[in-house]
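Working notes for the structure below.
Please treat every number below as a calculation from the coordinates, not as lab data. Only a predicted model underlies this, so the values are computations on that prediction, with no experimental measurement involved. As a convention, Cβ positions derive from the backbone with ideal geometry for all residues, glycine included, and neighbour counts pool all protein chains shown.
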Amino acid sequence: MSASESKTELRLGLAGLGTVGSGVVKMIQDTQDLLQERTGSVISVVAATARDKKKDRGFSMDGMTWHESAVDVATDPNVNVFVELIGGSDGPALDSVRAALMNGKHVVTANKALIALHGSEFAQLADDHNVALNYEASVAGGIPIIKSLREGLVINQVKRIFGILNGTCNYILSVMEETGRAFDDVLKDAQDLGYAEADPSFDIGGIDAAHKLAILTSLAYGCEVDFDSIYIEGIETISAHDIAMAKELGYRIKLLGIAEKSDAGISQRVHPCFVKLDRPIANVSDVTNAVVVDTDYLGRLVLEGPGAGQFPTASAVIADIADIARGVTQPVFMKPARDLKPGAAIAMDQHVGEYYIRLTARDKPGVMAEITQDLADEGVSIETIIQRGAEGVENVPIILVTHKCQESVMNRALQRIAAHDAIVRPPRMIRIEDV
Ligand SMILES: NC(=O)c1ccc[n+]([C@@H]2O[C@H](COP(=O)([O-])OP(=O)(O)OC[C@H]3O[C@@H](n4cnc5c(N)ncnc54)[C@H](OP(=O)(O)O)[C@@H]3O)[C@@H](O)[C@H]2O)c1
């Protein structure tokens, strides 16, 4: 079915019937009448696959053809919309989405890793075959940020887009602040509660947030998706002490994904940030996600809501399906694929900002003088220094807050500081973000 044909019957093929896939089937089965009323189309799941055919998924599979592979679902002649809900940037997800597009089927996916790494190729395939590629659920789960960028902000220039894009990290940071507990301890809780995967490295290492940022950047600036240019730092090294110090200094630590455009190009970065306590994004807590878009005509748009979960995510997937039913198709990344160009990436060492520095030093005379001399020699000026020694304690934390400087300069200064015998651990640096 091409975008211009009749949209009276959508025959969905689903690959992946896990958390999101099951949610999509249940919602479609439960809301048949409403869905038909609102889209004017009959929408049903006619084919599906997952790993385990025998698993009880809590819904009826009547009327669905079971296939042994995702590619078979994607190429089933009875399917006119392929819905990929397996996950992963390669293997069956990649093969099946490619096959569906090449076979002229509309595609809906919630897979950020796949779009972040193959989005530009898919955009070209979708345009070549005159089909839709919708991926609302891939960024910030249920929050309609893709629709807002692709449609609502079509005539706005985005100056900066940033957000809390990973609920697991936001949960861990929130609980660390509330309880004063250590990172590892809270991560274990998050795993027990099902907020973090058994292998949490993509979440806590910032990679999941970076996948989402790559997609937002491409939409915001109408450029090719460029995951490899993103500077990525996770939250693993944030200590309870950093969190307490942030609060004392009037900040809260958040893992943000930030994309900004300047005359020099586009910077994309994911890292923990000190954010002033009175800023709206500082008050987005637990697993909630938020995205802020600063634009020229509209001004600031703030969207906040559930970034994951079965039904919030399924709701976004079904909104994408409903768009196809209504005949609404948009360019995959804001403009026709042939016009997408690589954005000029700005390296992280060009970043200019204020910094929070935590040093651990032997409590002996002259240390502070050496540190301040290194900073002065490199031209870094200090806004605040806090040193709290205690009787009989050998190593003491020294906290510095700098004025604005370039990151390459900051790094040079930290290298010099780290070389002193009295500095017993590598310096820890957290960027202060004016959001
Ligand atoms: N969960 C969320 O809240 C959320 C939010 C936003 C986006 N997403 C995205 O949505 C996608 C799905 O996530 P999920 O949480 O639903 O994952 P999930 O619960 O792990 O489900 C994955 C599904 O894929 C099936 N599968 C795995 N390997 C397969 C293969 N080789 N061939 C066919 N099917 C295969 C699994 O089969 P079995 O069931 O038989 O094991 C399962 O049904 C991912 O891209 C994820 O990033 C998830």
Any aspartates and glutamates whose Cα falls less than 14 Å from that of residue 276, other than same-chain ones fewer than 8 residues away, would be 248, 354, 433, 434
Output ordering of 58-69, 412-423, 365-376 (per-residue mean of other Cβ within 10 Å, highest first) is 412-423, 365-376, 58-69
Rounded to the angstrom and largest first, Cα extents along the principal axes for segment 47-86 equal 26, 19, 15
In whole angstrom, largest first, the equivalent ellipsoid semi-axes that the Cα gyration tensor gives for segment 1-143 are 21, 18, 15
Among 194, 142, 23, the residue with the largest mean-square fluctuation in a Gaussian network model of the chain built from Cα contacts under 10 Å is 194
The answer for the net charge of residues other than residue 384 whose Cβ lies under 11 angstrom from its Cβ, with Lys and Arg +1 and Asp and Glu -1, is -3
Scoring segment 146-306 by relative contact order with C-alpha pairs under 8 Å, at least six apart, yields a percentage of 34 percent
Once the in-chain neighbours fewer than 8 apart are removed, the lysines whose Cα is under 16 Å from residue 26 read 55
At q = 0.21 1/Å the base-10 log of I(q)/I(0) from the Debye formula over the alpha-carbon atoms of segment 172-256 is -0.98
Under the helix-only model (-39500 (n - 2.57) for each DSSP H run of 4 or more, divided by the residues of the chain), the mean residue ellipticity at 222 nm, to 500 deg cm²/dmol, is -10000 deg cm²/dmol
Between residue 328 and residue 354, the two model label points (7 Å from Cα along the beta-carbon direction) sit apart by a distance in nm of 4.1 nm
Over all directions, segment 242-290 yields a Cα convex hull whose mean projected area in nm² is 4.2 nm²
Cα convex hull volume per residue for segment 279-351, in Å³, equals 185 Å³
Per DSSP, the loop-located GluC sites (Glu not before Pro) within segment 126-217 having at most 15 other beta carbons within 10 Å are 197
The answer for trypsin sites (Lys or Arg not before Pro) in segment 241-334 that fall in a DSSP coil and have at most 16 neighbouring Cβ atoms within 10 Å is 326
A correct Stokes-Einstein calculation for segment 280-435, using the alpha-carbon Kirkwood radius, 25 °C and 0.890 mPa s, returns a whole-number D in µm² s⁻¹ of 122 µm²/s
Exposure-ranked with fewest Cβ neighbours within 10 Å first, 243, 155 stand as 155, 243
Taking r as the C-beta separation of residue 42 and residue 411 and R0 as 51 Å, the FRET efficiency to the nearest 0.05 is 0.30
When the charge dipole of the chain is computed with +1 at the Cβ of Lys and Arg and -1 at the Cβ of Asp and Glu, the Cα pointing farthest to the positive end, of 191, 347, 237, is that of 347
Of the listed pairs 147/261; 364/404; 112/188; 188/212; 212/254, those with alpha carbons more than 18 Å apart are 147/261; 364/404; 112/188; 188/212
Projecting the Cα atoms of 29, 134, 71 onto the charge dipole of segment 1-148, where Lys and Arg contribute +1 and Asp and Glu -1 at Cβ, the residue farthest towards the positive end is 29
The extension gain from residue 155 to residue 362, computed as 0.36 nm times the residue separation minus the Cα-Cα distance, is 68.9 nm
Distribution output for the chain: share of Cα-Cα pairs per 20 Å bin in percent, first bin at 0, values 25, 50, 21, 4, 0
Taking a straight Cα-to-Cα line shorter than 18 Å from residue 53, and setting aside same-chain aspartates and glutamates fewer than 8 residues away, one finds 62, 68, 72, 76, 84
Using the Cα gyration tensor of segment 146-306, the equivalent ellipsoid's semi-axes, largest first and to the nearest Å, work out to 28, 17, 14
Quick P(r) readout (segment 350-433; Cα-Cα; 10 Å bins; whole %) gives 18, 56, 22, 3, 0
One finds the C-alpha centres of segment 218-232 and segment 18-36 to be spaced, in Å, by 32 Å
FRET efficiency for residue 388 and residue 302 from the Cβ-Cβ distance with R0 = 41 Å, rounded to 0.05, comes out at 0.65
At R0 = 41 Å the Cβ-Cβ FRET efficiency linking residue 179 and residue 65, nearest 0.05, sits at 0.25
